[in-house]
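Accompanying notes for the structure given below.
The values are calculated or read from the model by the stated rules, or taken from the named source; none is laboratory data. Source: prediction; values computed, not measured. Cβ coordinates were reconstructed from backbone atoms using ideal geometry, including for glycine residues, and neighbour counts include every protein chain displayed. Keep in mind that these areas ignore ligands, DNA and RNA; they rest on the heavy atoms of the full protein, side chains included. Shrake-Rupley method; radii C 1.70, N 1.55, O 1.52, S 1.80 Å.
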Amino acid sequence: MAAGPRRDTRGIVDAPDLFAHVRFRRREPAAALRPYLEHYWLIDWDLAEPYAAHVVPHPSVNLVCQRYEAGDSPRERSGYAEVAGVDPGLFTRKLAGRGRVCGVQFRPGGFRPFTPGHPVSAWTGLHADAAEVLRLPPPVDAVLGPDDEDARVAALDAFLLALEPRPDPRAALAMAAVDRVRTDRSVRRVDGLARDTGLSARSLQRLFSAYVGVGPKWVILRYRIHEALEAAESGPAADWARLAADLGYSDQAHLVRDFTATVGVPPTAFAPH
């Protein structure tokens, strides 16, 4: 496993523009949590004008502590925590005034050890009160209150360690399978991934439903769309026909259709800054 938090911006639509409006950082969790977590992500903003952030989400569950000083409800203004299941579509969040978010991005397959009694698919597409999903209420004030970033990270570490995640061979298998999809562009079909994992296609489907929250075909598509988004933002000179072939699409039109359905606009809508 690579040392330190992931540094790429895959999935963030127009990352340079987002980073011009907010302070965005990733922090590494405690060593005992790293088998299950990608990283912590912290965002703070103080905006004169509203700004909409767009993300094509990873196949990950997130625990999100958030506070919006210009929020519509006392809950938003004081701060709250929710578990965000894998989001099948484009995630958009409007930011205004001042606010702070501190999130935990679990590795795809890594959330189940914290809630072993429930399939991860139970939260797909949902945002649920964290206290109802987890055995303990997250320490929202400790995570959002201090300006000392190390103290905020330590509060997250202490909370997640108190949940006592246990090693789970099937969670490890799911995490390894998703990581293979993310890092190996040659993985294009579910049956091939199943063979590499040592499972039947049907067993792989069940594993992904229980531990990832979405099917393996969806995961393959999502990571390929991330690559296509990265290409689209690199400029109009992207060779879409070649990229479509490299990503396993039958033709360029199919890739463009999937991209447009996921991101909401065609690749031609992007231009470099």
Per-residue [θ]222 nm for the chain (sum of -39500 (n - 2.57) over DSSP H runs n ≥ 4, rounded to 500): -11500 deg cm²/dmol
Of His254, His127, His54, the one that fluctuates the most in a GNM where the chain has Cα springs shorter than 10 Å: His254
Charge-dipole axis of the chain as Lys and Arg at +1 and Asp and Glu at -1 on Cβ define it, positive-most pick from Gly11, Pro165, Cys102: Pro165
Whole-Hz couplings from phi, Karplus 6.51/-1.76/1.60, listed for region 208-225; x for Gly and Pro: 5, 4, 6, 10, 9, x, 9, x, x, 4, 4, 4, 4, 4, 4, 5, 6, 5
Per residue, in Å², the accessible surface of the chain once ligands and nucleic acids are set aside, probe 1.4 Å: 47 Å²
Kirkwood-type radius of region 137-273, with distances r between different C-alpha atoms, in Å: 17.7 Å
Efficiency of FRET between Ala245 and Leu163 - r from beta-carbon atoms, R0 51 angstrom, step 0.05: 0.70
FRET efficiency, Ala131 to Lys217 (Cβ-Cβ, R0 35 Å, nearest 0.05): 0.55
Charge dipole of the chain about the Cα centre (unit charges at C-beta), most positive-ward option of Phe111, Ala70, Leu199: Leu199
Radius of gyration, Dmax [the chain; alpha carbons; angstrom]: 18.8, 54
Dipole moment magnitude, nearest 20 debye, the chain about Cα centre, only Lys, Arg, Asp, Glu C-beta charged: 920 debye
Within the accessible area of the chain (1.4 Å probe), percent carbon and sulfur: 52 percent
Long-range amide H partners of Gly11 with built H, under 5 Å: none
Label-to-label distance, nm, for residues given as Val265 and Glu76 (7 Å Cα→Cβ offset): 2.4 nm
Sparsely packed trypsin sites (Lys or Arg not before Pro) within region 1-78, loop by DSSP, other Cβ within 10 Å at most 12: Arg7
Region 8-129: projected area of the alpha-carbon convex hull, averaged over directions, in nm²: 7.7 nm²
Fully extended contour minus Cα-Cα distance, from Arg26 to Asp191, at 0.36 nm per residue: 55.9 nm
